[in-house]
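Beneath this line is the structure, given in structure tokens, with notes to follow.
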């Protein structure tokens with residue numbers, strides 16, 4: 001199932017996506033007879049989705065998706081955890097070897113952004129870069145998870161753009177500020193539940209900038225695989241319902257490239273991961289005080 005959060009005529013809600021059609025929360029309640037909650041996190045992680053799963057086949061999808069403004073699927077995750085250098089091809093292009101243990105970066109939830117929205121770049125950022133990533137949505141609280149138990153902790157997946165200010169990243173010698181600007185985490189366009197993905201470690205992933213293909217890889221190039229990622233992180237910190245783990249980017253970013261062409265005002269970014277949809281954003285440069 002594809003589950004989206006969206007607004008329509010000033011009101012926020014959520015629902016299911018099928019092709020280019022939506023079944024809204026109110027329609028789901030009416031057709032299933034189950035009074036599902038207003039908050040999407042309560043619906044996803046507190047048993048309500050499981051309660052109606054066997055009734056999903058009876059739903060009708062009457063509304064066109066174009067009528068709605070899609071939002072970041074998870075509104076207020078406790079944690080957004082990103083991995084650095086976790087793709088063999090990306091590590092190689094940087095002259096590095098992918099680390100055996102996950103190199104972690106925490107992005108604040110104020111970075112969250114949605115598809116078809118602007119990425120806001122302050123004018124003092126001179127090296128703005130993109131990173132297409134597969135994000136894992138954690139479905140239950142867990143600690144010290146074994147590799148075999150890790151898949152049970154997953155609710156679903158989505159596309160994630162780990163936008164990065166490389167000039168600031170280079171200056172600071174660490175990643176938090178350069179990756180922490182508001183709007184620097186476009187994600188979505190919706191959550192795809194794990195049962196819809198046959199093999200999450202073999203999904204084609206691409207980035208196009210103004211139609212030019214920049215990243216063209218596969219989740220098969222991930223060095224630490226998803227069960228190991230969850231297990232290793234859970235040995236450091238408790239993972240909570242709704243946490244987002246973004247699992248790294250493949251080759252093709254501008255970081256440390258000679259003659260790098262960084263993002264600029266008006267650039268159109270299109271990211272696609274097989275089975276998860278397409279994430280579209282535009283760069284907007286704003287003056288800083």
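Springs between alpha-carbon pairs under 10 angstrom, Gaussian network model over the chain: which of 56, 154, 230 fluctuates most?
Comparing 56, 154, 230 in a Gaussian network model of the chain, the most mobile one is 56.
For 74, 65, 159, 28, which order do you get if you count the other beta carbons within 10 Å of each Cβ and list the fewest first? Kindly include the intermediate steps, with their values, before the conclusion.
Details: 74 27, 65 18, 159 24, 28 21.
Listing 74, 65, 159, 28 from fewest to most nearby Cβ atoms yields 65, 28, 159, 74.
Could you please rank 30, 130, placing first whichever residue has the fewest other Cβ atoms within 10 Å of its Cβ? Kindly include the intermediate steps, with their values, before the conclusion.
Details: 30 12, 130 26.
Least to most surrounded, the residues fall as 30, 130.
As a test of understanding, state the convex hull volume per residue of the chain from its alpha carbons, in Å³.
Working: hull volume 37.9 nm³, N = 289.
In the chain, the Cα convex hull volume per residue is 131 Å³.
From the helices alone, meaning DSSP H stretches of at least four residues, give me the mean residue ellipticity at 222 nm for the chain, per-run term -39500 (n - 2.57), in deg cm²/dmol to the nearest 500.
On the way: 7 runs with 45 residues, N = 289.
One gets -3500 deg cm²/dmol as the mean residue ellipticity at 222 nm.
Just report the Cα centroid separation between region 249-289 and region 162-226, whole Å.
Cα centroid of region 249-289 versus Cα centroid of region 162-226: 10 Å apart.
Below 8 Å between Cα atoms, with a sequence gap of 6+, how large is the relative contact order for region 80-286 in percent?
Working: 520 pairs, mean separation 70.5, N = 207.
It rounds to 34 percent for region 80-286.
Got the relative contact order for region 171-289 handy, in percent, Cα pairs under 8 Å and 6 or more residues apart? Don't skip to the answer; put the middle values down first.
On the way: 127 pairs, mean separation 35.6, N = 119.
Relative contact order of region 171-289: 30 percent.
Using only the alpha carbons of region 2-70, what is the convex hull's orientation-averaged projected area in square nanometres?
Mean projected area of the Cα convex hull: 4.3 nm².
May I ask you to sort 273, 209 by Cβ crowding, counting other Cβ atoms within 10 Å and putting the fewest first?
Numbers: 273 25, 209 21.
With the sparsest Cβ surroundings first, the list reads 209, 273.
If you find the alpha carbon centre of region 1-35 and of region 41-64, how far apart are they in angstrom?
Here the two parts' Cα centres lie 8 Å apart.
For a protection proxy built on the mean count of beta-carbon atoms within 10 angstrom, sort 134-147, 76-89 highest first, please.
Values: 134-147: 19.0, 76-89: 20.9.
The peptides rank, most packed first, as 76-89, 134-147.
Just so you know, all these numbers are worked out from the coordinates, no wet-lab data involved. These numbers were taken from a predicted model, which means no experiment stands behind them. Because the Cβ atoms are built from the backbone with ideal geometry, glycine has one as well, and the counts that use them run over all protein chains shown.
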